[in-house]
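Let me begin by presenting the structure, written as structure tokens, before commenting on it.
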Amino acid sequence: MPYCQTCRFELDNRGFKRHTLSVFHRKAKLIRAMLERDCITHAEIARRIGVTRERVRQLALQMGFADGRSRHAICRMERRRKEMAEFFVEAQKRGFAVELLGKKSAYINGKLCIQRQACWHDVGRSEHKYTYLSIFRPAGRFDICAWKLPDGRFLILPKKLTGFTQTTFNPEESDRLGTNSSSHYYRDYIERWSLLGRPRRSK
């Protein structure tokens, strides 16, 4: 049977000539390129090339692509990955399996983890004025909360250590009087990735 190099499938002798004159054959490369993008629908492809959505569905199956429902599911996952909070992106880089729930919540090794933001907060007055990091306890359920610090690191705390509504602490050691005593032992939990357990694969 003749094999169409452009469209990459076989046809019988009778249908081969008719195929070479079709819109599909003339725009095969464009159609394939669009089908490789999971977030474009069959209806959109049909509108662009001037055929029906059903014909695009048939062509996609002939060319070995997943059906529309599977493509939409892949598209949703890709969008969620792009919107994923920085803590989960970093967790994936370190080898942890991340199961997304929302933009800032996910399961990691069976633990419900969330991300929040830390901010600078001035404490005291005049010569006794210091700038500390301020964090708020998140509402809702969680096992581990990770606050992103302004320098890009993460303060990773288990729920049992988050018995505050809002607190401030000094993230670095300092020679200034009064600042080291304001650490609240949280320094030890900056970048404490071991709280998530072991990565499933080596880094």
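Scanning the stretch 31-48 for residues that are part of a loop (DSSP other than H, G, I, E, B) and open to solvent by less than 50 Å² (accessible area, probe 1.4 Å), we see that the one that is nearest to A66 (Cα to Cα) is D38. Out of (1) part of a loop (DSSP other than H, G, I, E, B); (2) open to solvent by less than 30 Å² (accessible area, probe 1.4 Å); (3) farther than 24 Å from K93 by Cα; (4) at pLDDT 90 or above, the odd one out for R141 is which? The failed condition is (2). Considering only residues that are in contact with a helix residue (DSSP H, G or I) (Cβ under 9 Å, 6 or more places away or on another chain) and loosely packed, with under 15 Cβ neighbours inside 10 Å, which ones fall in the stretch 63-76? Passing the criteria: A66, D67. Does any residue in the stretch 94-123 that is touching a residue at least 60 places away in the same chain (Cβ under 8 Å) come within less than 6 Å, Cβ to Cβ, of a residue that is of a type in the set (V, I, T) six or more places away or on a different chain, and which pairs are these? Pairs found: F96/I108; I108/V98; K111/I144; C113/I144.
The values are calculated or read from the model by the stated rules, or taken from the named source; none is laboratory data. Fair warning: this is a prediction, and the values are worked out from it, not measured in the lab. All Cβ positions, even for glycine, are placed from backbone atoms using ideal geometry, and neighbour counts span all protein chains on display. Side chains are part of the model used for accessible areas, which takes the heavy atoms of the whole protein and leaves out ligands, DNA and RNA. Shrake-Rupley method; radii C 1.70, N 1.55, O 1.52, S 1.80 Å.
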